[in-house]
Each structure stands twice: as C-alpha cells, then as structure tokens.
Amino acid sequence: MWSASQLLRPETPIQSLILTTLFLAIAIIQPASGQSVADHPDWPGKGQLFVGTCYQPIDRTPDEIHQDIAIMKKAGFNLVRMGDLSWDSFEPSEGRFEFAWFDKIIDEMQANGIKVILDIPGLPAPIWLHHKYPGVNVVTQNGVILHPAERYMEDISDPDYRRLAPVERYLDLHRFWSDQTIEAVKDLEAVRRRNIPNTPAVSNLWDTAGRKGFDYLSSYKEYVSYGAEGFYPGDAVNTSFGALMTKGDLDAPIWFNEFTAGGGGYYGTRGRSRMWAYIGLINYAQTILAWTFNSHLGGEEQALFGLVDHDGTPSWKVDEFAQIASEFRRLQSLGFPRFRKPEVAIAYSFDSYIASNPPGPSSTVRQYYQIPYQDQVRNAFEPFFTDNIDTAIINIAHDSLDKYKLVVVPGDYIMDEKSAGAIRHYVEAGGTVVMTAYSAKADEHAQWFNTPLPGRLSDVFGLHTNEFYRSNKPLEIIIGGETRKATDSYYEMLELNAAKPYANFLNTPERSTAVAINHYGRANTSAAYESSNDCGAPTVWFITR
C-alpha cells in the first residue's frame, strides 16, 4: 500500500496512483479511455456499496483520532474521504512536505477495514502561496484583490484555522468595526467629561445599522446617560423592541432625539405621530423631537417632509406636535415618564447576531440557522409586550441579572464564557432562565463546541442535545393539556439528564420532549411555556431554576 508521502510528492507519477489499494479522488483529468471503469475490473463495481464519512483529522489529537476510527468501525463504515482542505498541512512551506502523521491515520484506517478516498488538495491554497505568488489571488475586474477570507480563497485546515476560519474572520471584522465606533463615541464622551462633567450625555445611536452596527449593549454605560435613538416606527412590537434595546439596563428613561413626522417620499398621516408618541410613553420615553422641522431644499433628504413645508408654510404636523406637547404637559404630573423597573430580561448578543448570519452561499451556518437572530429575540419579546409585562433587553455578559425574576435567552448562538458564567451564577442564586433552541452552539471564537450542548451550560439545564430535525408539517405541542401549533419546523432532540419533561411534541416520529425543566440552584422550578412559537420562535425551550 502506498503512503501519503509516496502518493503526494510531486515526483510521484500520477499513473501509479491508480495501482494502490486506496480509492483516490484525483483533481487531474485523464483521457476518457484511461478512466473507464470497464477497463478496470479491479475497481469498485457491481455488488459493492460503501457507507462512511468525510474526515478532516488535522484538528484532532491522536487519542481523538483513535476514538473517531473506533466510532466509524462500530458504525459499520467501510469508506472515508480524507485529505481535502489539507495542502498547507502536507506542505507547510514551499518544498517542505510532512506526511508521516497522515500515513499513520491511513494505516489505522486500513487496519480497521476502512478504505480511504484520498483527496489531492488543490484548493484552497496555503497562505504562503498567496504571499509568495500573488497571481493566485482573486482579483475583481476593477483590480481589487479579494484576499482569501472564505472557503476556496483560504485553506480551512491551516494551523490557524480555529482562530481564522471564515465565520471567525467575519465576526472579528464586525468586532473591529464595532470597537472603532465605540472608541470614537468614548472619545467624545471624554471631551464632555473634561469640559461639562455635570451635563448628561445623549446621542442618536443606531447600533443595529445594517452597514456597520456596533455592540452597544456591551458598552453603552461608558458613554450615555440616557438611552437615545431616532424613532422611525414600523409596527408596535418591533418598534418597542428597538426602543428597549436602546434603554438596556439603564434606570433612566429614553430620549427620541429624532421622532417620526413625515418621511422620505412620505408627507405624513394625520394622527400618526401622536399615536406613536403614546406608544413611546409606554416604552419609557421622556423626549420626542420631530424629524425634521423644516423640509430641506437640497441634499439627500430634500424629499423628506418635515413640520414646515419647503415654502415655509407650517403644515398640519405643527398642530399635531403642538397637541402632543400640550397633552404631555398634563401627563408629566400623572406618573410620566415611566420609571418602572422590569422584572423580566431578554438576552441580546451582538456576536450571535453577526456569527449566526455569516456571508457566502456555501456557509453551512446560514443553512443551519434559518430564523434570523433578531427575529427570534423579537418573537421572544412579543408575548411579554402583548401581556403588558415590562421587559428589559440586555447583554447578559455585561449587565447584572440579579434584579430580574426571569431571564429569557432566545436563539443565542454564541455562548461566551462570561455569558455562561452569568447564567450559572443567576440560576445558582435562585433565578429562572428560559433558553430556546439554536442557543449555545458555538463559543466566542464562533467555533462549534466539542462538549455537550448547550455549550458550557449542559449541566445547568440538565440535558444535552445534538440531533435536530425539521418537520414537513406544523409542529404540535401539548402543554398543560392544551395543544399548540408552532410555525417553525425546527426541533431538537433533548436527551434529559437531571431535567424533567414539561411538554412533548405530538406529531414528530419520536414524540420527544419539547420543553424540559431542570432544578439547579436553591429554588424550586416554576415555569410556563410562552406562546412565542405562534409567531415563529424555535420550538424547543430549556427551562432551569
């Protein structure tokens, strides 16, 4: 049998490869006659079936490799594919080849009755190749070099893979943009403190901007006195959710430093601004400032219609805002702005928002994480909003959880050490946490956990999960004797350890647990299933207290 070193060195004739006992995936096209199965009766043919897996051992320790092969053998696998994405492992620098480690794995596969498809890696190329031979870089028609930042542009088996794989780089890029934005805001705050230290700070921050949002909820207490934003509403749930993200854990009310009046290409609707002003009051508003007063004559907002028309004529919007002002003067003696402290918190993570939606059609994370993260968080918020339960939107790694009776963690794909520690401490102290499916799949480097899921919290929730499925019909759940239908087809198989089942699926093949409750900490569990599934949230809930 040929070793990898014999097979992959440049001087090895390609013809000799087909004489080995290995099955090969060869990236060189031979003449059709030379590749005809009919001409090679010794090749796999009739009466032979193969079941196995693709295997990238580059990330595995020797002990893990032994365990992996034992699992394959026990499963009855008779074929594996290896060597893909491994050029830089075989040739870490130009002309220096290292195959001994790979030869040992091939030998162990052979000893366990497992044949090997050996990929001859051509793409992705090693970074040293990009550096030494820039002609291998992808260049756009405008001459812009596209640096190897995702698959087929960079080798994911590079020694730095766990730190620099595509998802991680994308997350790091957005963290960089976020850090730069935060540092700029902090510079401005330093000027304020130096010159007018007794004056509060408000701004017009847009942390969820599609182009370059930033991690507001991990940093806002360093540079704001009041949560503030531009208020351009769509529907009541999304608008309230956005406002409360700006408020975070602050005890202060919200300032709407821009407030809907007209709009781009939209003159306005009578009564609309007044209606939203009252919804703003519900959401702790203290200030609303119409955008804008005079309609601009030039620039990109010249077709945005303010309170005063382009010719200087006051519109009916002036009267409407005057009515709001009059009514607010009366309301300020009746308990407004609101200072009520919420007893429910919903976790929001900038990292989960970014990492759950990486770029590129080949990203398997996009294929897996199919409900947008922000939708999942909003869907978790909706039942509390509907039932008039005050709720805070916070980053659980940066705000104290002790003041809340309930913390909801919806679809939190990234579970960093600090967030996991905060959940653990809160539950140990008697708090209740509800966590949904899709949560705690990857660590702070956007690497999938190689420990029981939910990562870092399996013991806290008293279960572990790996399997997941998508039903071809609406899922039905029975809870408290009542059947409920979910709008999402995704569900996870919960393997219960200390946790107890609270609700089950009715129409899945397994009729498995849909809601599990665990006792972890000082208090007894008391939890109720929330109806967020009716508006598209994931269907598996883990509840622990």
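The values are calculated or read from the model by the stated rules, or taken from the named source; none is laboratory data. Here the structure is a predicted model, which means the values were calculated and not measured. Please note: Cβ atoms are built from the backbone with ideal geometry, for glycine as well, and neighbour counts cover all protein chains shown.
Among the residues of the range 425-458, which ones are surrounded by fewer than 24 Cβ atoms within 10 Å (Cβ to Cβ), touching a Lys or Arg at 6+ places or on another chain (Cβ under 9 Å) and under 22 Å from A514 (Cα atoms)?
G431, T432, L453, G455, R456 - these are the residues of the range 425-458 that are surrounded by fewer than 24 Cβ atoms within 10 Å (Cβ to Cβ), touching a Lys or Arg at 6+ places or on another chain (Cβ under 9 Å) and under 22 Å from A514 (Cα atoms).
Taking the range 298-312 only, how many residues are touching a residue at least 24 places away in the same chain (Cβ under 8 Å), in a loop (DSSP other than H, G, I, E, B) and under 40 Å from the mean Cα position of the chain (by Cα)?
4
Please pick out the residue among I26, I58 that is modelled with pLDDT under 85 and touching a Ser or Thr at 6+ places or on another chain (Cβ under 7 Å).
The conditions single out I58.
Scan the range 213-237 residue by residue and report those that are part of a loop (DSSP other than H, G, I, E, B) and either closer than 19 Å to Y266 by Cβ or more than 16 Å from the chain's Cα centre (by Cα) (or both).
Correct list: S219, Y223, V224, S225, Y226, Y232, P233, G234, D235.
Out of the residues in the range 227-259 that are among the aromatic types (F, W, Y) and touching a Leu at 6+ places or on another chain (Cβ under 7 Å), which is farthest from I354 (Cα to Cα)?
F259
If you scan the range 479-495, which residues turn out to be assigned to a strand (DSSP E or B) and either under 24 Å from the mean Cα position of the chain (by Cα) or at pLDDT 95 or above (or both)?
Of everything in the range 479-495, those that are assigned to a strand (DSSP E or B) and either under 24 Å from the mean Cα position of the chain (by Cα) or at pLDDT 95 or above (or both) turn out to be Y490, Y491, E492, M493, L494, E495.
Would a scan of the range 81-89 turn up a residue that is surrounded by 13 or more Cβ atoms within 10 Å (Cβ to Cβ) and on the phi > 0 side of the Ramachandran plot?
yes
What number of residues within the range 455-470 are part of a loop (DSSP other than H, G, I, E, B), over 18 Å from Q376 (Cβ atoms) and in contact with a strand residue (DSSP E or B) (Cβ under 8 Å, 6 or more places away or on another chain)?
So the count comes out to 1.
Check Y469, Y413 and return the single one that is among the hydroxyl-bearing types (S, T, Y) and without any contact (Cβ under 8 Å) to a residue 40 or more places away in the chain.
Unique residue meeting the criteria: Y469.
I'm told Y426 meets every condition in (1) hydroxyl-bearing (S, T, Y); (2) under 17 Å from A397 (Cβ atoms); (3) in contact with an Asp or Glu (Cβ under 6 Å, 6 or more places away or on another chain) except one. Can you identify the failing condition by its number?
(3)
Say we look at the range 496-525 and pick out the residues that are among the β-branched types (V, I, T) and either within 20 Å of P452 (Cα to Cα) or at pLDDT below 90 (or both); which of these is farthest from the chain's Cα centre (by Cα)?
Selected residue: T525.
Do any residues in the range 251-270 that are in the same structural domain as A290 (by TED's automatic domain parsing) and over 30 Å from D399 (Cα atoms) have Cβ atoms under 8 Å from those of residues that are hydroxyl-bearing (S, T, Y) and crowded, with 23+ Cβ neighbours inside 10 Å, where the two are at least six apart or on different chains, and which pairs are they?
Every condition considered, the pairs that remain are T260/S273; A261/S273.
Being at pLDDT 95 or above and in a loop (DSSP other than H, G, I, E, B) narrows it down to one of I346, I371, I389, so name that one.
I389
Which ones in the range 479-517 are among the acidic types (D, E) and under 20 Å from L463 (Cα atoms)?
E492, E495, E510
In this structure, does M72 turn out to be in contact (Cβ under 8 Å) with a residue 12 or more places away in the chain and under 27 Å from Y133 (Cβ atoms)?
No: the conditions fail for M72.
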